[in-house]
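As structure tokens, the structure follows; a few thoughts come after it.
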Amino acid sequence: MNVDILKQNENSWNELAEDFFGVTALPVLGCSIPTEDELHLFPDLTGKSVFEMGCGSGHSLKWCAEHGAKELFGLDISEQQLRTAKKVLEENGYSCMLFHQPMEDNTNIPQNYFDVVYSIYAIGWSTDLGKTIKNAASYLKQGGIYIFSWDHPLLHCVDLESISVSGGNRTNSTVERIIFNGNYLEEDYYTFEKYGNPLTLQNHKLSTYINALADAGFVVERVVEETNKKVLERATEFSSGYYADYKAKHFPLSIVFKARKL
């Protein structure tokens, strides 16, 4: 657990909370990927106990409650996000147990208790992926379901570029191509700014996720790396923006894992 990175990210998310109110929350699972309404990864939540690791503004927990969940638990690194989540849930008549701590810390969280543990576009903020996934396993009952989504591992390494190519008779044409601008094999931390706030993440290979799940006692039931039909079917202009639809037509921007605790 990298305390310095966690503190930096916590401070930044306290500042960014309002800008990401309700963003990427169930039934949305990620960027340009089919929704939960289409994929049906979650089991019937009627009467179930659920725990969200990285609950943000609480909108995914609200979705779970609306789909019959009996008990709601959430965790987030940001106090501001937790205040927002508490308000969102209370305004809709739902109660929830919320914990202010990083995903790497399992202090005070019930063990072998939950039917479903999930993380919607939050697991990438963990500074210890193996520990975080083992924590998720410790919270679940035997046979419990663990679902998490994040940027596809290729997204950090692949980009698009448009270049002008000279042809015969001094005519020029434009070539659009996919390029590797990073190293998929490297899993180092990288820092960027969002609205002036520094944030640090760590990219992981697909095998790193799967092996971490296996090491924690999970069996992987499904991996989703798709682009939704709306994006695939609509016309899009060339763009190398990080989450651009044009990219999503060539490779998945998000990935979702569903696993079951043995």
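Miscellaneous remarks
- Residues of the range 238-258 classified as open to solvent by less than 10 Å² (accessible area, probe 1.4 Å), of a type in the set (Gly, Ala, Ser) and more than 15 Å from the chain's Cα centre (by Cα), total: 1
- Any chance residue 85 is over 25 Å from residue 228 (Cα atoms), modelled with pLDDT of 95 or more, in a loop (DSSP other than H, G, I, E, B) and open to solvent by less than 40 Å² (accessible area, probe 1.4 Å): no
- Reported count of residues in the range 173-193, each being over 16 Å from residue 150 (Cβ atoms) and either charged (D, E, K, R) or touching a helix residue (DSSP H, G or I) at 6+ places or on another chain (Cβ under 9 Å) (or both), is 7.
- Residue that is nearest to residue 2 (Cα to Cα) [pool: residues in the range 178-214 that are assigned to a loop (DSSP other than H, G, I, E, B) and among the small types (Gly, Ala, Ser)]: 196
- Exclusive hit being at positive phi, exposed (fewer than 12 other Cβ atoms within 10 Å of the Cβ) and not basic (Lys, Arg), set 217, 196: 196
- Flag if residue 72 is farther than 25 Å from residue 255 by Cβ, in a strand (DSSP E or B), in contact with a Cys (Cβ under 9 Å, 6 or more places away or on another chain) and open to solvent by 40 Å² or more (accessible area, probe 1.4 Å): no
- Residue selected from the range 1-42 under the condition assigned to a loop (DSSP other than H, G, I, E, B) and hydroxyl-bearing (Ser, Thr, Tyr), by the criterion farthest from residue 133 (Cα to Cα): 32
- Checking 184, 94, 113 one by one, the residue that is under 23 Å from residue 29 (Cβ atoms) and surrounded by 16 or more Cβ atoms within 10 Å (Cβ to Cβ) is 94 and no other.
- Residues being part of a helix (DSSP H, G or I) and either within 30 Å of residue 140 (Cβ to Cβ) or free of Cβ contacts under 8 Å to residues at least 24 places away in the same chain (or both) - total across the range 230-247: 3
- Selected residue (only one of 105, 37, 19 is among the acidic types (Asp, Glu), under 20 Å from the mean Cα position of the chain (by Cα) and closer than 15 Å to residue 136 by Cβ): 105
- In the range 25-52, residue nearest to residue 81 (Cα to Cα) [restricted to those that are crowded, with 18+ Cβ neighbours inside 10 Å and of a type outside the set (A, V, I, L, M, F, W, C)]: 52
- Residue in the range 111-121 that is over 20 Å from the mean Cα position of the chain (by Cα) and small (Gly, Ala, Ser) present: no
- Options 127, 107, 46: the member that is touching an Asp or Glu at 6+ places or on another chain (Cβ under 8 Å) and outside any strand (DSSP E or B): 127
The values are calculated or read from the model by the stated rules, or taken from the named source; none is laboratory data. A quick note: this is a predicted structure, and the numbers were derived from the prediction, not measured. FYI the Cβ positions are ideal-geometry reconstructions off the backbone, even for glycines, and counts take in every protein chain you see. Only protein heavy atoms, including side chains, enter the accessible area calculation; ligands, DNA and RNA are left aside. Shrake-Rupley method; radii C 1.70, N 1.55, O 1.52, S 1.80 Å.
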